[in-house]
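The values are calculated or read from the model by the stated rules, or taken from the named source; none is laboratory data. Keep in mind that this is a model prediction, so the values were computed, not measured. Here the Cβ is made from the backbone with ideal geometry for all residues, glycine too, and neighbour counts use every protein chain on show. Accessible surface areas use protein heavy atoms only, side chains included; no ligands, DNA or RNA. Shrake-Rupley method; radii C 1.70, N 1.55, O 1.52, S 1.80 Å.
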Amino acid sequence: MIFSSLHKASIHSLLLATISITITPETVVAGAIQSIDELPYDENGRLTKHFVAVPERCAPSIQILYDEGFTMYGRDFISVEGEASNAIFPGWSPPPTDVPTDVPLDCPVACIERGVERSVAAKTMPQFHLEARSEGRSLQEYKDWVFSACQRVEQGFVNYLDFIVNMYWIDSRDGNRVDKGQLKQGERNTLFITSYLGHKFEFTNPETDEVVFSHTVEYTGIAPLGKPDSPIKDELDTDYEDQISSTLDAEWRRHKRVTRSFSPLGFHKGRLPDDLWASIQAYYYNNKNDKVLEEWT
């Protein structure tokens, strides 16, 4: 049976495994970032890492977590000030400097996604932005939000191999496999699940138990197992003329059922918001080498 969703118990165990990752020296970027241009970009001007950003004024409180071993797979913690802070947190003003140190600070937080273009790197979708609030937040609230909003992603798998495969999630705490069912062949059986950055999956041949594909979640996306057959055939079907005629008739009948309905904007052309455009182009850039063939019958 195809594994189509994660059970609550599985989600809980996945989250625990994610939290237990050991800190690495690259987790915290030293010094406050003054400009978005200081972040690491590849030769195409795209971010090479995920980041979580907070204003420099708030960084010391959150830094305590990282000093104690807290980290997130694939996502570095940065503090920002000046131009970078204004770009990521427009309209936010630092709290008074005389606030007692034992009081949680009123801090906004933003997650910046790998693959986003330099010109819109400071523009984050609402779900990746935690607004400041006057009563402040605890460090535990910060941790919970980062994992639920930023580390959690949608991961897809499509099987183009010649056989059904067994699917396993690898528990990072002990390296054991956790059975997640089977993945059938073809685009129509594509499986999307909720997962977390850093989670590892293995797919095996049911007859030999050989690992035929493994994948570590690095971003929201889709991972094909094998390659699809070419849609270009060496020879046309003998009844291709009938198929063309049948398709034309079906499309002609279908167009008569279409009802035109317009929003108040009608055919008005508008510019996509920067945060939405940043998210769309990051998804495309991160997954451009993992193309999936849409199957038609």
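Remarks
- Listed residue pairs exceeding 22 Å between alpha carbons, taken from K180/K200; K256/K291; K49/K123; K49/K143; K49/K184: K256/K291; K49/K184
- Were the residues from R254 through R177 laid out at 0.36 nm apart, the gain over their Cα-Cα distance would be 22.9 nm.
- Rounded accessible area of R137 (nearest 10 Å², 1.4 Å probe): 60 Å²
- Cα-based shape type of segment 153-297, given that a ≥ b ≥ c are square roots of the gyration tensor eigenvalues and the cut on a/c is 1.5: oblate
- Using R0 = 45 Å, the C-beta based FRET efficiency linking L272 and I64 works out to 0.70.
- Amide H to amide H distances under 5 Å link N159 with G186, L225, where only residues 5 or more positions off or on other chains count and H is placed in the peptide plane.
- 3J(HN,Hα) along segment 280-289, derived from phi through the Karplus expression 6.51 cos²θ - 1.76 cosθ + 1.60 where θ = phi - 60°, amounts to 5, 6, 5, 4, 4, 5, 5, 10, 5, 9 Hz, with x in place of Gly and Pro.
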